[in-house]
Amino acid sequence: MHSKSREFTGTGTALITPFKRDGTIDEEALRRLVDFQEENGVDMLLPCGSTGEAACLGREEHLQVIEIVIDQAKKAKVVAGAGSNCTREAIDLSMEAADMGADAILSISPYYNKPTQEGIVKHYEAIAEAAGVPVIVYNVPGRTGLNITAETEARLADIPNIVGVKEASGDLGQVKAVIDNKKEDFVVLSGDDSMTYDVMGAGGDGVFSVVSNCCPKEVSQMVDFLKDGEMGKAKEIHERMLPLFKGVFCESNPIPIKYIMSRMGFGVDFLRLPLTPISDKGRAILNPILEQYGL
């Protein structure tokens, strides 16, 4: 049914949205970031996720960021963040992203409203029917206040056009339950860098990574080893990268990764309120780790 789902496996980067000093989008830095990702083996690019500060982009800006990434990408699949806690708004954004040429959309479960599991299913049914491109569900209870259960994810997998899930519940038991009960062509992607090794070891298909913003080559290599079943080689990279996988969440994402990327010349260390640049304490945690990786 979802012959297209296999296109959405491997390493996806949840791209930051680089800003200039005045807080506007830094298009030049965003285009360079896309090139940097593709040159280092990343399979999918995700503009306008939580890492891209989608919650603080105006609608025109949101679409502008997606458009720039689609225009710049040469070979990676573009999975556009197009979710909302208003189903109608999510449908509109999804249709616009599809019209621009996004290969798929990532759709966060409705936050704040606290729908029932039935409401979640209906929300995604409506989006999948309207979107016109494959839809990947995003489960991140730490941000939405609501878990999409393994049972509900199995139901979502039956909806035509829903091809996979980005799982950031942090519950490996739940992820395994999803993997064990899923249809063959439904992809399960880790939504948490430090869990990618375990999720793929349990049969998952890849990751939407924050750390691959700054280390696309290392994350891509690890994921490729995992895809090929070379667990030893993958574990070596996983263990070497673990301090960074954890360090990048020392404060709310994307605060730490924006600091790292600004050090690497991709935009400035600017975040839109209510997010603030990294604290001295956060910097004290990250700086020694960054030295370690030569970032």
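The numbers here are math on the coordinates, done by the rules we state, and not lab data. Not measured: the values here are computed from a predicted model. Every residue, glycine among them, receives a Cβ derived from its backbone with ideal geometry; neighbour counts consider all protein chains shown.
Tabulated data for the structure shown
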{"item": "Nearest-20 debye value, the chain charge dipole, Cβ charges on Lys, Arg, Asp, Glu", "result": "500 debye"}
{"item": "Computed [θ] at 222 nm, deg cm²/dmol, the chain (DSSP H ≥ 4; -39,500 (n - 2.57); rounded to nearest 500)", "result": "-14000 deg cm²/dmol"}
{"item": "Ellipsoid equivalent to the stretch 3-228 - semi-axes via the Cα gyration tensor, in Å", "result": "24, 21, 15"}
{"item": "Sequence-separation-based contact order of the stretch 136-295, relative, with Cα cut under 8 Å and 6+ spacing, percent", "result": "14 percent"}
{"item": "Among GLU96, GLU167, GLU153, residue whose mean-square fluctuation peaks in a GNM of the chain (springs only between Cα atoms under 10 Å)", "result": "GLU96"}
{"item": "Lys/Arg +1, Asp/Glu -1 at C-beta; the chain dipole; positive extreme among VAL69, MET200, SER169", "result": "SER169"}
{"item": "Spatially close lysines, pair count over the stretch 3-228: Cα under 15 Å, gap of eight or more or interchain", "result": "5"}
{"item": "Sites matching GluC sites (Glu not before Pro) across the stretch 192-266 that sit in DSSP coil, with at most 16 neighbouring C-beta atoms within 10 Å", "result": "GLU230"}
{"item": "Anisotropy class of the stretch 152-195 from Cα gyration tensor, a/c 1.5 cut", "result": "prolate"}
